[in-house]
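The values are calculated or read from the model by the stated rules, or taken from the named source; none is laboratory data. What you see is a predicted model, and the numbers here were worked out from it, not measured in a lab. When we count neighbours, we look across all protein chains shown, and the Cβ atoms used for this are built from the backbone with ideal geometry, even at glycine. What goes into the accessible areas is simple: the full protein's heavy atoms, side chains included, and nothing from ligands, DNA or RNA. Shrake-Rupley method; radii C 1.70, N 1.55, O 1.52, S 1.80 Å.
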Amino acid sequence: MAKVIMVQGTMSNAGKSLLTAGLCRIFKQDGYKVAPFKSQNMALNSFITEEGLEMGRAQVMQAEAAGIKPSVLMNPILLKPTNDTGSQVIVNGEVLGNMSARDYFAYKHKLKKDVMYAYNKLAEENDIIVIEGAGSPAEINLKDEDIVNMGMAKMAKAPVLLVGDIDRGGVFAQLAGTVMLLEDDEKAMVKGLIINKFRGDKTILDPGVKMLEDITKIDVVGVAPYLSIEVEDEDSLTERFNGKQEVGMIDIAVIRIPRISNFTDFNPFESINGVSLRYVHNVNELKNPDMIIIPGTKNTMEDLLWMRQNGLEAAICKAAAAGKIIYGVCGGYQMLGETLSDPDGVEAGGEIKGMGLLPMDTVFAGQKTRTRVTGTFENVGGALASLSGVHLEGYEIHMGVTTMREDADARTLTKISNFAGAKEADAAAKAEWKTDSVWKTDGVQKGNIYGTYVHSCFDKEGVARAIVTAIAESKGLDTENISGVDYQEFKETQYDILADALRKHLDIKRIYEIMEEGI
């Protein structure tokens, strides 16, 4: 069986996901076969594997750092919040159903067998497993039947590294307080402390580090610096949403709807010089962008009503009338149509008007389409005509079926195929293909309005570059220095930068010793 180490945090967004990815990269560089694992992830950012199964993107990012294909074994339970008190529960990549927080809390002990099957399978196939916890292990009201923090550590017999976030302040209280709230057997499993996101002169911090070690009787195995690494964020705690609102030469605004999902779709634009990618929450923040993107959402109808109430829908329609580029992805694509119907109560139920920018109708269904795709943009019109024939890759993950109305000025946007072929696609995807052919059309375009179900459609170098170049040309800007990047290749360089930084600031030798010693 594999050696194991677990990264837990004093709170959400302490940096567990990034440190887990960095350790995966370091162990890979050192010649080990390593895999990440998180028993239960709560996030709206999800991913579809080649088998058509759904998992959290954080473990996808960590798998990339480890140099292996993402597998649903790395994240057997995914919770996708549907409202403030309930989530869609996904087990082994398949939708189990929607549950309230109370119902899930009572049910989750039944999932231990799924968690341990996935973990043991990974442990049989790898040399090292790096487990990530969730939130804090000191949530004393939630410790019964825990399957993601100390409960997981016990099941996997994993020594724990506890991470605190100094950037938020109070890191000594975070770490010492967390340890104090653990049971004695749990304290014994914490083998190292890490202070994360440090900026400044470490010598000033050293006396506090010594006092922390004296108080907790646990060694500090590193003080990791604040790193600006361009990899995918786990969930809505991302710092991208709180970024600056300065407008670049080419300005792209992403609507920050309340239940935004898969916002990592738009990260490739951040790598292009002169482009500002801004997440906007109200009309005042919108300003006058060159392109407006409406992203995916876990609740399309309620988020559309939110935009309708706060004036963003009217502002987007006004921008569309002025010839601005409007681009919808998944739920954002559905919003652009004429109607959204939910006869079975998949979302809010009932029927509402869409934004009326594309001639199409969406009906929500109980089955979720989950499939990876590859294809090309078709004969694209409007401002983004240069996308015609450009290759794209990505994945579909949605519970709606969209039908285009007859309209002489509208056309489909892409032609795509599922990676494995129609015979390997899930039932909902095969029903949507309606044929033995592995090809289908996707999306709708009309004028400068574009919509698609394909997530990650901007990742290929030619896509983001073609869009930015088209905008630059329309504004009379010099396009000679515009260069996109293959986002997958770019991320590889970022994982190496992350590993190099952690090697300098963590006691990697001691971490190896901790894994050897076990618990």
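Here are a few things to note about the model shown:
- For region 6-99, the alpha carbon positions stretch 42, 34, 16 Å along the principal axes, listed from largest to smallest.
- Shown for the chain: the carbon plus sulfur share of the solvent-accessible area, taken with all protein chains present and a 1.4 angstrom probe, equals 50%.
- Its Cα gyration tensor gives region 122-232 an equivalent ellipsoid. The semi-axes, each the square root of 5 times an eigenvalue, are 24, 18, 13 Å from largest down.
- When every Cα-Cα distance of region 157-316 is counted in 10 angstrom steps from zero, the calculated P(r) takes the values 9, 29, 22, 20, 17, 4 percent.
- Here the Kirkwood formula puts the hydrodynamic radius of the chain at 23.9 Å, using every distinct Cα pair.
- Annotation: region 99-140 has a Kirkwood hydrodynamic radius of 12.5 angstrom, from the mean reciprocal C-alpha pair distance.
- For region 237-338, the alpha-carbon coordinates run over 36, 32, 21 Å along the three principal axes, in decreasing order.
- Cα-centre dipole for region 252-407 with unit charges at Cβ (Lys and Arg positive, Asp and Glu negative), debye to 20: 400
- Percent of Cα pairs exceeding the 17 Å cut-off, where the set is region 283-425: 65
- The trypsin sites (Lys or Arg not before Pro) of region 450-519 meeting both criteria, a DSSP state outside H, G, I, E and B (loop) and at most 14 other C-beta atoms within 10 angstrom of the site's C-beta, are 475.
- Relative to the compact-globule estimate of 2.2 N^0.38 Å, the Cα radius of gyration of region 339-420 comes out at 1.26.
- Exceeding the 28 Å Cα-Cα cut-off - candidates 108/491; 298/475; 80/113; 16/287; 157/217: 108/491; 298/475; 16/287
- Sorting 303, 114, 507 by accessible area puts them as 507, 114, 303; the probe is 1.4 Å, largest comes first, and only protein heavy atoms count.
- The C-alpha radius of gyration of region 45-90, expressed as a fraction of 2.2 N^0.38 Å, stands at 1.20.
- Once the Cα gyration tensor of region 276-316 is diagonalised, semi-axes √(5λ) in Å: 18, 13, 8
- Heavy-atom accessible area ranking, 1.4 Å probe, most first, across 150, 404: 404, 150
- Region 326-354 and region 62-79 have Cα centres separated by 30 Å.
- Computed log10 I(q)/I(0) for region 466-515 at 0.13, 0.32 Å⁻¹: -0.55, -1.07, from the Debye equation with unit scatterers placed on every C-alpha and solvent omitted.
- Bridging of residue 154 to aspartates and glutamates at a Cα separation below 16 Å is possible for 114, 132, 144, 145, 146, 183, 184, 185, 186, 517, once same-chain residues fewer than 8 apart are set aside.
- Rounded to 10°, Cα long-axis angle of helix 487-505 versus longest principal axis of the chain: 20
- The chain: relative contact order in percent, alpha carbon pairs under 8 Å with at least 6 residues between: 15
- Principal-axis tilt of helix 461-474 within the chain, Cα atoms, nearest 10 degrees: 50
- Angle of helix 202-216 to the longest C-alpha principal axis of the chain, folded into 0 to 90 degrees and rounded to 10: 60°.
- Whole-number D in µm²/s for region 125-166 (Stokes-Einstein; Kirkwood sum over Cα pairs; 10 °C, 1.306 mPa s): 139
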